[in-house]
Amino acid sequence: MKLNIVLVEPEIPQNTGNIARTCAAIGAKLHLVYPLGFSISEKQVRRAGLDYWDKLDIEEHNTFKDFLEKYKPEEHNMFFVTTKGKKVYSEIDYSSFDEVFLLFGKETKGLSEDILKKYIRKTIRIPMRKTLRSLNLSNSVAIVAYDVFRQINFEGLEEISNYFDKNN
């Protein structure tokens, strides 16, 4: 399965760096939708992703409209991650798809209300207590992305460490 992580107008460089590192670790493609709240050449982004940037499959999009024209939600398995989601992320059977897109909005506002209303049936959420606003963006990406891979038995990822076999 091919997993795509889409960050729509991310604002915090450290979050994007951490997400880039997660994408590199699991082989997911990272889509960055402009405008960004920083330059991807900034030290904070590079430091968070450090030695993973050369292992990252990344695609940049000038606008969210450009992204949606290239990857039409009606033709792709797209899920819009939001605290307002109709389904819990773990209710989706990702294993039935060849390719999945997980879309995340900016840290301060999330995805736009217009987009969420238009694709309400494709919205998913991470359960949490009502008294909290949201989780950190990089944590949210990791939670949902790893559940996608859990459902396909972590296909393509190292399942058993041989560290102790080599170092005993």
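The values are calculated or read from the model by the stated rules, or taken from the named source; none is laboratory data. Quantities reported herein were computed from a predicted structural model and do not represent experimental measurements. Virtual Cβ from ideal backbone geometry, glycine too; neighbours counted across all protein chains shown.
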For region 1-32, give me each residue that is assigned to a loop (DSSP other than H, G, I, E, B), modelled with pLDDT of 95 or more and among the hydrophobic types (A, V, I, L, M, F, W, C). ALA28
Within region 40-68, track down each residue that is modelled with pLDDT under 80 and not acidic (Asp, Glu). ILE40, SER41, LYS43, GLN44, VAL45, ARG46, ARG47, ALA48, GLY49, LEU50, TYR52, TRP53
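Yes/no per residue for (1) of a type outside the set (Ser, Thr, Tyr); (2) closer than 23 Å to ASN18 by Cβ:
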{"residue": "ILE40", "(1), (2)": "yes, yes"}
{"residue": "PHE67", "(1), (2)": "yes, yes"}
{"residue": "TYR89", "(1), (2)": "no, yes"}
{"residue": "ILE92", "(1), (2)": "yes, no"}
{"residue": "SER95", "(1), (2)": "no, no"}
{"residue": "ARG121", "(1), (2)": "yes, no"}
{"residue": "ARG133", "(1), (2)": "yes, yes"}
{"residue": "ILE143", "(1), (2)": "yes, yes"}
Subset tally (residues that are within 15 Å of the chain's Cα centre (by Cα) and at pLDDT below 95) for region 72-84: 1
Kindly indicate whether any position in region 93-101 is within 15 Å of the chain's Cα centre (by Cα) and over 15 Å from TYR146 (Cα atoms). no
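To keep it simple, each residue is scored yes or no on (1) touching a strand residue (DSSP E or B) at 6+ places or on another chain (Cβ under 7 Å); (2) of a type in the set (D, E, K, R).
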site: LYS106; (1), (2): yes, yes
site: LYS117; (1), (2): no, yes
site: ILE120; (1), (2): no, no
site: ARG129; (1), (2): no, yes
site: ARG133; (1), (2): no, yes
site: LEU137; (1), (2): yes, no
site: VAL141; (1), (2): yes, no
site: VAL144; (1), (2): yes, no
